[in-house]
Amino acid sequence: MLKQSIENLGNRTIQGVWRIGFAARFFLAILLHSGTAFRRFGLTIREMYFTGVLSLIIILVSGLFVGMVLGLQGYETLQTYGSEEALGILVALSLVRELGPVVAALLFASRAGSAITAEIGLMKATEQLSAMEMMAVDPIARVVAPRFWAGVISMPLLAALFSAMGIFGGYLVGVQLIGVDEGAFWSQMESAVDFEQDILNGVIKSVVFGIAITTIALFEGYDAPPTAEGVSGATTRTVVTSSLVVLALDFILTAFMFRGLN
Amino acid sequence: MNKTVLDLWVGLFVIAGIAALLFLALKVGSTSAVSTSNSYEIVARFDNIGGLKPRAPVKSAGVVVGRVADIRFDNETFEAAVTLRLDKRYAFPKDTSAAIMTSGLLGEQYIGLEAGGDSQTLKDQDRILITQSAVVLENLIGQFIYGKAQEGVPK
């Protein structure tokens, strides 16, 4: 009984370490085989359509609503201190620093990451990847790397669109609906948001999230057992793992970026 | 999916994304106000800087003319040495005074510069001689109570 559970623990540890090692080698292989993704950029553009353009609607609509809710909630709180004009700062800083990159990344993981995993997993299950290898076409260069770069390029653009849309939503509710002074809204926002400290750090965050999500999604698809059950399990794992990784990375990045600020 | 339609959509997506980034950079944010190339640094020493932070604004007549670049503690004079980075467009007389002020009742602290009458101007790495420390609320209350107690002393 005891021996059994210790064996289980050992087995799980070995499996976990093996998967991490495999994922790291997989990541390196993607980077090494990235040449094709840039030489035949059409492949990457095709994938950008599926990961980026098709994610636009959910990103834009969520951004707008998150911004509008921030406007309403922020106004309620700021009003008690008589500083409604700071609404612009509150909306812009929370979106640009945190909500933009993180929420866009979570949506990206569930919208695009799951699709990537399912696609690659099915390609593997129907032996399309093996067929490519038979034809001396490297599936990592032809299938995996373009998806990777498409995700890495799309993610910061989506996060920026999310933030811009959110600020517009906050403006709609704060200025147009509630009636916060428009000049104060924009000028206070502009004086409080710093380009390097806030916007650039937000972009760096979204690039890191993009790398993490696409790597996890591609790896889970590539590693999925070639059965219907295996692919569905891998898709679920992609969303769960990449969401958790995004949140953990966000904490680490925030700690590095904003710790020494004051 | 037709290839040109696909290219068109991706192109639109990239343009929209870059436009959003530009919007954030230009409309929402401001570049760290003063860059190192067109600015000069002067030093001011304070007995007490209160809650002053690096990157706090330096204002003269209410206009932001620079930012606090660095705050250090001088272990020889036991004062705070505050480095101010001012925009090159603005020159101040040598006898300019610096004071630490608070915007609003509980707002952030900033440095206010009051221009003097000297004909020479402050150069890079010069020192502001006349400074006024931050008002510490505890000291103020202490002085008030002490003053009240003095009033009550029978003559």
- line: Packing-ranked peptide list from A:243-254, A:5-16, A:53-64, A:158-169, highest mean Cβ count within 10 angstrom first, is A:158-169, A:53-64, A:243-254, A:5-16
Euclidean distance between Cα centres, the range A:47-110 to the range A:144-202, Å: 7
- request: Could you check what % of the DSSP bridge pairs in the protein assembly as shown are antiparallel, to the nearest 5?
  value: 75
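Within 10 Å of each Cβ in peptide A:197-209, how many partner chain Cβ atoms are there on average? Round it to a whole number, please. All intermediate terms of the calculation are to be shown ahead of the outcome.
Details: counts 3, 3, 7, 3, 0, 3, 3, 0, 0, 0, 0, 0, 0.
Counting other chains' Cβ atoms within 10 Å and averaging over A:197-209 gives 2.
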message: Sequence gap at least 6, Cα distance under 8 Å: using those rules, report the relative contact order of chain A to the nearest whole percent.
response: 31
- line: Toy charge model, Lys and Arg Cβ at +1, Asp and Glu Cβ at -1: chain B dipole around Cα centroid in debye, rounded to 20, equals 440
statement: Listed residues A:Trp149, A:Trp186, A:Trp18; largest mean-square fluctuation, Gaussian network over chain A with Cα springs below 10 Å, found at A:Trp18
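Report the extension gain between A:Val69 and A:Ile20 in nm, rounded to one decimal, defined as 0.36 nm multiplied by the number of residues separating them, less their alpha carbon distance.
Numbers: separation 49, 0.36 × 49 = 17.64 nm, distance 3.93 nm.
Separation in residues times 0.36 nm, less the Cα-Cα distance, equals 13.7 nm.
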query: So what's the angle, to the nearest 10 degrees on a 0 to 90 scale, between helix B:137-152 and the longest Cα principal axis of chain B?
result: 20
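What relative contact order, as a whole-number percentage, does the range B:39-141 give when Cα pairs under 8 Å and 6 or more residues apart are counted? Before the final figure, lay out each step's value.
Details: 243 pairs, mean separation 36.5, N = 103.
Worked out over the range B:39-141, it gives 35 percent.
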Nearby lysines by direct alpha-carbon distance to B:Lys94 (threshold 29 angstrom, same-chain neighbours under 8 apart not counted): B:Lys53, B:Lys59, B:Lys123
field: Three-way shape label, the range B:24-142, alpha-carbon gyration tensor, a/c 1.5
entry: oblate
Residue with peak Gaussian network fluctuation, chain B [Cα springs, cutoff 10 Å], from B:Gln109, B:Gln120, B:Gln143: B:Gln143
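Please sort by residue number the chymotrypsin sites (Phe, Trp or Tyr not before Pro) in the range B:79-149 whose DSSP state is loop and whose Cβ has at most 12 other Cβ atoms within 10 Å. Show your work: numbers first, answer last.
Values: sites: B:Tyr90, B:Tyr110, B:Phe144, B:Tyr146; in loops: B:Tyr90.
Here no chymotrypsin sites (Phe, Trp or Tyr not before Pro) fit, given the DSSP loop and packing criteria.
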statement: Given backbone amide H placed at 1.01 Å from N, residues whose amide H is under 5 Å from that of B:Ser39, ignoring those fewer than 5 places away on the same chain, are B:Lys88
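Answer rounded, prolate or oblate for the range A:1-160, using the Cα gyration tensor with square roots of eigenvalues a ≥ b ≥ c: rounded when a/c is under 1.5, else prolate when a/b is larger than b/c, else oblate.
Oblate, because a/c is 1.5 or more while a/b does not exceed b/c.
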- line: In a Gaussian network model of chain A with springs linking alpha carbons closer than 10 Å, the residue among A:Pro146, A:Pro226, A:Pro101 that fluctuates most is A:Pro226
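Just so you know, all these numbers are worked out from the coordinates, no wet-lab data involved. Remember, it's a predicted structure, so these values are computed and weren't measured experimentally. Cβ coordinates were reconstructed from backbone atoms using ideal geometry, including for glycine residues, and neighbour counts include every protein chain displayed.
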